[in-house]
1. Say we look at region 146-157 and pick out the residues that are surrounded by 13 or more Cβ atoms within 10 Å (Cβ to Cβ) and without any contact (Cβ under 8 Å) to a residue 40 or more places away in the chain; which of these is nearest to Glu21 (Cα to Cα)?
2. Is it fair to say Lys143 is surrounded by 15 or more Cβ atoms within 10 Å (Cβ to Cβ) and basic (Lys, Arg)?
3. Collect the residues in region 120-152 that are farther than 16 Å from Arg5 by Cβ and of a type in the set (Gly, Ala, Ser), keeping them in residue-number order.
4. Could we say that Glu21 is closer than 24 Å to Asp135 by Cα and acidic (Asp, Glu) here?
5. Report the residue count in region 75-87 for those that are touching a residue at least 60 places away in the same chain (Cβ under 8 Å) and within 17 Å of the chain's Cα centre (by Cα).
6. Determine whether Tyr155 is outside any helix (DSSP H, G or I), aromatic (Phe, Trp, Tyr) and either over 16 Å from Val7 (Cα atoms) or at pLDDT 85 or above (or both).
7. Looking at Glu50, Glu24 in this structure, which one is in the same structural domain as Phe97 (by TED's automatic domain parsing) and at pLDDT 80 or above?
8. In the list Gly115, Gly128, Gly98, which residue meets the criterion of being crowded, with 16+ Cβ neighbours inside 10 Å, more than 24 Å from Lys68 (Cα to Cα), in contact with a Leu (Cβ under 9 Å, 6 or more places away or on another chain) and in contact (Cβ under 8 Å) with a residue 12 or more places away in the chain?
Amino acid sequence: MSVPRLVKAPISLVYDVANDESHEREYHSLSEADDDAIGQWLKLAKAKGETSESDPIALKLLVELHRKVDNLEHLIKNEKPSRIGLSSSAQIESIGFGFFSLEDEEFQPSVRYYGRITMPTYPQREIGVFFTAEDEKLAKIEKIHDRDEKEWDAYVTARERVMIRELKGNE
């Protein structure tokens with residue numbers, strides 16, 4: 001196997017060996033996390049063309065503010081999102097298109113895992129992934145939702161740009 005191109009990116013990961021139907025259920029529920037009431041309303045309004053004269057950035061910020069208020073309400077009521085317990089946590093050191101590498105050697109090669117990655121983007125959220133360990137540190141993402149994959153790839157591209165700027169600055 002050729003070594004994938006990776007760039008530095010500090011990201012948190014919690015994971016466990018994928019062997020349970022609950023992992024599959026949580027994976028699907030994480031993709032539906034944005035299908036809350038305000039998200040559904042926005043999709044419906046866009047479909048009807050009611051947002052054509054609205055500023056898309058202001059609309060997105062307003063929706064995110066509404067979600068933050070909802071999150072505060074859940075916090076005050078001591079309601080927590082139902083997430084399954086995953087046995088291990090690690091720090092991702094570097095990422096690439098369809099791959100990531102850990103800081104420490106924690107994986108068992110050729111084992112399939114399920115994990116939640118906390119994306120350091122706005123809005124910050126967790127994405128569910130199934131991945132297979134290529135070796136003790138390197139993992140290949142096997143299953144990720146389309147929207148999450150686009151966000152992952154955009155983040156990889158942004159990190160590559162940062163790295164290029166840093167290299168140009170050192171010359």
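The values are calculated or read from the model by the stated rules, or taken from the named source; none is laboratory data. As the structure is a prediction and not an experimental result, all values here were calculated from the model. Here the Cβ is made from the backbone with ideal geometry for all residues, glycine too, and neighbour counts use every protein chain on show.
1. Result: Glu149.
2. Numbers: surrounded by 15 or more Cβ atoms within 10 Å (Cβ to Cβ): yes; basic (Lys, Arg): yes.
Yes.
3. Of the residues in region 120-152, the ones farther than 16 Å from Arg5 by Cβ are 120-133, 135-136, 142-151.
Once the filter is applied, which keeps residues that are farther than 16 Å from Arg5 by Cβ and of a type in the set (Gly, Ala, Ser), region 120-152 yields Gly128, Ala133.
4. Working: closer than 24 Å to Asp135 by Cα: no; acidic (Asp, Glu): yes.
No; evaluated as a whole, the condition is false for this residue.
5. Of the residues in region 75-87, 2 are touching a residue at least 60 places away in the same chain (Cβ under 8 Å) and within 17 Å of the chain's Cα centre (by Cα).
6. Details: outside any helix (DSSP H, G or I): no; aromatic (Phe, Trp, Tyr): yes; either over 16 Å from Val7 (Cα atoms) or at pLDDT 85 or above (or both): yes.
Taking the combined requirement at face value, the residue does not satisfy it.
7. On the way: Glu50 fails: in the same structural domain as Phe97 (by TED's automatic domain parsing).
The match here is Glu24.
8. Testing whether each residue is crowded, with 16+ Cβ neighbours inside 10 Å, more than 24 Å from Lys68 (Cα to Cα), in contact with a Leu (Cβ under 9 Å, 6 or more places away or on another chain) and in contact (Cβ under 8 Å) with a residue 12 or more places away in the chain leaves just Gly115.
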